[in-house]
Amino acid sequence: MDKKTDIKKNILKPDPVLDSTLRPKTWADFIGQEKIKKNIKVILESAKKRKEAPDHLLLYGSAGLGKTTLAHLVSQEIGSDLKITSGPAIEKAGDLASILANLSEGDILFIDEIHRLNKMIEEILYSAMESRVLNLILGKGPSARTVQLDLPPFTLMGATTRAGMISSPLRSRFGAIFKLDFYEDTDIEKIISKNANVLEVELEKEAIEILAKASRATPRTANRLLKRSRDLAIVEGNGKITGEISKKIMEMFEIDELGLEATDRKILEIIIDKFNGGPVGIGAMAAAANEERETIEEVYEPYLMRIGFIERTPKGRVVTGAAYKHLNLYNQDNKQEKLME
């Protein structure tokens with residue numbers, strides 16, 4: 001194993017403690033999403049004055065934009081405990097019943113990937129959210145009976161990357177629904193600078209700009225690249241993140257200046273090579289790329305659409321001229337442009 005591969009292997013190790021350290025602890029530390037922060041704070045302040053639990057909140061948007069962080073801040077703001085679970089983890093009605101029955105007054109229940117709850121679980125949530133009662137059926141057949149348990153006032157916060165997959169009855173029971181957007185480069189640069197101070201690492205302005213542009217407009221990705229640059233600076237330099245260190249990290253992880261990773265480029269090239277640039281259905285695209293459909297839709301496609309490299313049409317996904325140019329390829333339209341230069 002060569003030195004480059006060895007370094008890459010070592011700095012890929014996750015650090016959950018460090019991830020928690022970089023999570024904003026106050027509203028002022030949470031950079032970006034200003035309208036959402038303002039609206040949530042109004043809801044919380046109103047609930048405090050009414051001495052009631054805040055309305056249930058639904059947050060949606062691409063992964064890594066701060067949905068879980070907002071749940072932590074809401075919990076901190078109202079001085080309550082935060083209980084965290086996810087849609088796939090709640091497999092049976094008994095799982096949800098156990099979680100709800102163990103809530104205390106004012107608790108926040110945060111369900112990540114709430115779109116992956118099955119229909120039976122959803123139906124139990126309806127009465128819990130609306131009337132704060134838990135309806136359970138004990139037994140089977142003629143001996144079955146219904147038991148109703150009162151629940152303390154609590155707030156459900158749901159997070160999803162696929163808002164369209166949440167059923168209308170569940171969606172209607174949330175008091176407010178917020179969409180988290182991708183971040184501007186200036187906000188990402190502020191996040192990188194702030195977290196560099198948390199990590200007690202020095203970095204050059206050029207390095208901040210390089211990392212911000214490659215961060216896919218997402219704080220989670222920015223933090224990951226910052227930590228990996230910090231590690232490389234320690235291993236190969238004097239601990240300072242320079243522009244050269246940042247460029248080397250991009251090269252090691254096969255990330256280009258726009259933040260495209262190897263899989264992003266693979267998806268674009270497959271659509272171009274195998275489907276003549278599209279249109280192509282998501283199922284065929286996932287099969288050709290050997291990736292899960294959900295992974296493409298939730299992880300890769302949102303950013304490719306955001307930077308204008310993929311468009312959704314009634315017939316399927318289409319690669320745009322901007323993507324051809326970025327990959328140094330030519331379709332019929334930009335071939336003509338090239339000839340006219």
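Applying a threshold of 6 Å to beta carbon distances and a minimum spacing of six or more residues, or different chains, the list of pairs starting in the range 204-220 at a residue that is in contact (Cβ under 8 Å) with a residue 24 or more places away in the chain and ending at one that is assigned to a helix (DSSP H, G or I) and of a type in the set (D, E) reads A212/D185; A212/E189.
State whether the residues of the range 97-108 include one that is assigned to a strand (DSSP E or B) and buried (at least 20 other Cβ atoms within 10 Å of the Cβ). Within the range 97-108 (the criterion being assigned to a strand (DSSP E or B) and buried (at least 20 other Cβ atoms within 10 Å of the Cβ)), the answer is yes, since at least one residue qualifies.
Can you give me the ranges of the strands (runs of 3 or more DSSP E) entirely in the range 121-232 with at least 3 residues that are touching a strand residue (DSSP E or B) at 6+ places or on another chain (Cβ under 7 Å) and crowded, with 21+ Cβ neighbours inside 10 Å? I'd like the intermediate steps shown before the answer.
Working: elements: 133-138, 145-150, 155-160, 176-179.
In the range 121-232, 155-160 are the strands (runs of 3 or more DSSP E) which contain 3 or more residues that are touching a strand residue (DSSP E or B) at 6+ places or on another chain (Cβ under 7 Å) and crowded, with 21+ Cβ neighbours inside 10 Å.
For the range 244-264, the set of residues classified as acidic (D, E) and over 22 Å from M305 (Cβ atoms) consists of E244, E251, listed by residue number.
Within the range 85-96, being modelled with pLDDT of 85 or more and either among the acidic types (D, E) or surrounded by 16 or more Cβ atoms within 10 Å (Cβ to Cβ) (or both) holds for T85, G87, I90, E91, D95, L96. Every listed requirement among (1) under 17 Å from the mean Cα position of the chain (by Cα); (2) outside the structural domain of Y324 (by TED's automatic domain parsing) is met by Y300 save one, (2).
Yes/no matrix, rows are residues, columns are (1) closer than 15 Å to K325 by Cα; (2) out of contact with any Cys (no Cβ under 6 Å at 6 or more places or on another chain); (3) among the hydrophobic types (A, V, I, L, M, F, W, C):
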| position | (1), (2), (3) |
| --- | --- |
| K274 | no, yes, no |
| G277 | yes, yes, no |
| V280 | no, yes, yes |
| R293 | no, yes, no |
| Y300 | no, yes, no |
| M305 | no, yes, yes |
| E311 | no, yes, no |
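Select from the range 173-229 the residues that are in contact with a Pro (Cβ under 7 Å, 6 or more places away or on another chain) and not aliphatic (A, V, I, L, M) and list them in ascending order. If the condition is that a residue be in contact with a Pro (Cβ under 7 Å, 6 or more places away or on another chain) and not aliphatic (A, V, I, L, M), then Y183 is the only one that fits.
If you check S62, S46, which single one turns out to be under 20 Å from the mean Cα position of the chain (by Cα) and either at pLDDT 95 or above or small (G, A, S) (or both)?
Working: S46 fails: under 20 Å from the mean Cα position of the chain (by Cα).
Only one candidate qualifies: S62.
Candidates are the residues of the range 23-44 that are in a loop (DSSP other than H, G, I, E, B) and polar (S, T, N, Q); the one that is surrounded by the fewest Cβ atoms within 10 Å (Cβ to Cβ) is T26. Within the range 262-289, restricting attention to residues that are in contact (Cβ under 8 Å) with a residue 12 or more places away in the chain and outside any helix (DSSP H, G or I), the residue that is surrounded by the fewest Cβ atoms within 10 Å (Cβ to Cβ) is G281.
Residues of the range 243-261 include at least one that is free of Cβ contacts under 8 Å to residues at least 60 places away in the same chain, over 20 Å from R216 (Cβ atoms) and over 22 Å from the mean Cα position of the chain (by Cα).
The values are calculated or read from the model by the stated rules, or taken from the named source; none is laboratory data. The structure presented is a predicted model; accordingly, all values stated were derived computationally and were not measured. Backbone-built Cβ (ideal geometry, glycine too); neighbour counts: all protein chains shown.
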